[in-house]
1. How do 115, 264 stack up against each other in accessible area, from largest to smallest, with a 1.4 angstrom probe?
2. Based on the Kirkwood radius over alpha-carbon pairs, what is the Stokes-Einstein translational diffusion coefficient of segment 171-241 at 4 °C with 1.567 mPa s viscosity, in µm²/s?
3. Among 131, 119, 150, whose Cα lies farthest out toward the positive end of the dipole of segment 100-151, if unit charges sit on the beta carbon of Lys, Arg (+1) and Asp, Glu (-1)?
4. With every protein chain present, what accessible area does residue 235 have (1.4 Å probe, heavy atoms only), rounded to the nearest 10 Å²?
5. Can you give me the distance in nm between label points at residue 120 and residue 254, each placed 7 Å from the Cα along the Cα-to-Cβ direction?
6. Can you pull the percent of Cα pairs in segment 221-303 with separation above 20 Å?
7. Would you check the accessible area of residue 271, probe 1.4 Å, heavy atoms only, in square angstrom rounded to 10?
8. If 173, 139, 250 are ordered by their accessible area, calculated over protein heavy atoms with a 1.4 Å probe, which sequence runs from highest to lowest?
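The values are calculated or read from the model by the stated rules, or taken from the named source; none is laboratory data. The model shown is predicted, which means the values in this text are computed figures rather than measured ones. Positions of Cβ are backbone-derived with ideal geometry, glycine not excepted, and every protein chain shown enters the neighbour counts. Remember, those area values only see protein heavy atoms, side chains included, never the ligands or the DNA or RNA. Shrake-Rupley method; radii C 1.70, N 1.55, O 1.52, S 1.80 Å.
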Amino acid sequence: HVARRVQVGFGEMGTGAKLEDAIARAEREASVHVMPNAAGAGAVDPEHAPRSPTLSNGSTGASSSFRQSKSFAGKAAAESKCRLPRPQHAVERTVARAFYHIGCFVGRNPYRVSFASVVVACVLSLGLLNVTFESRSHKLYIPQRDFMATDRLMLDDTFGVSPEPGILIVHRKDGGAMDNQESMLAVLELHDSIVNLEAIALGKNVTTSYGDICYRRYISLLGREECVVSSPLELWWYQRDQLMDDADVKTTIDDAYDAHTADFGTLDGVIDALQLKYFFAPRAEVDTDGAYARYQLWEEAMRAEIFNLDADPASLLRISYWSTNYNEK
């Protein structure tokens, strides 16, 4: 009972002088009365006998137990005072102190801190003026020090850099077939409007045509370089007269489709779509002469042209367009 009381007193009052007061109070409350017997020896009064087995030897044993508890508590307190701080505690205190001073400074100067934050953000954002976008797969997904990149450079040096494609997908708005003279005449008009398109830079008296930015290749049959275009219109040499003179356009297209000399899309055995591919000069690593900028300007004008045709109710064709440059935008 005395031990339990001391423990309660220790938990409530702590260490030091207060601990001594708790021990004394507990001893008074559980004091043992000794009565003389016939032999003159001391006997414990049964009415006041201690209930705890630990106190069966009398008050001397209880006092000894409390003294040991007091000694142990004092030793633990002394060890805790002498224990050196851990390194992480010093780091935590240093960081906490630093953020405390920062918080005090921000609290005393809210407007100055807000203005300085905006200025720093604007200054650090100046790098966005020189940002460039890359969509070429061999630049994005192949490590440039890998042997595959080295082999590609050797391929480009030997056979030339691959051109930038611009692909048009053409359907009929009424869902009809494309392998007929009416549809192919509409496609020929679309082709003529593209190759004859010129773009003018704002504020500059400089025009850019398809011939200025196209990818050219030498054609031995013609004896000169021509812009590379992949289109079913090749079957009639891009000539309206030859297309008009073809009495069976469907057979001509079907034969080309079977021979895989032209790109067509089929649905349920009906040719309902075709591709027109226009190839542009490849992008240089550094656009020193502004060629790629002119290509971007012309392609923007071309997209506006074909989108206007696509939105025109009188137009027979539904047109969609994709290119590397347009994909980046």
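1. Of 115, 264, the descending order of accessible area is 115, 264.
2. 89 µm²/s
3. Projecting each Cα onto the dipole axis, the largest value belongs to 119.
4. Surface open to solvent at residue 235 totals about 60 Å².
5. A separation of 7.4 nm, rounded to one decimal place.
6. Across segment 221-303, Cα pairs with separations above 20 Å total 53 percent.
7. Counting only protein heavy atoms, residue 271 exposes about 10 Å² to solvent.
8. Descending order: 250, 173, 139.
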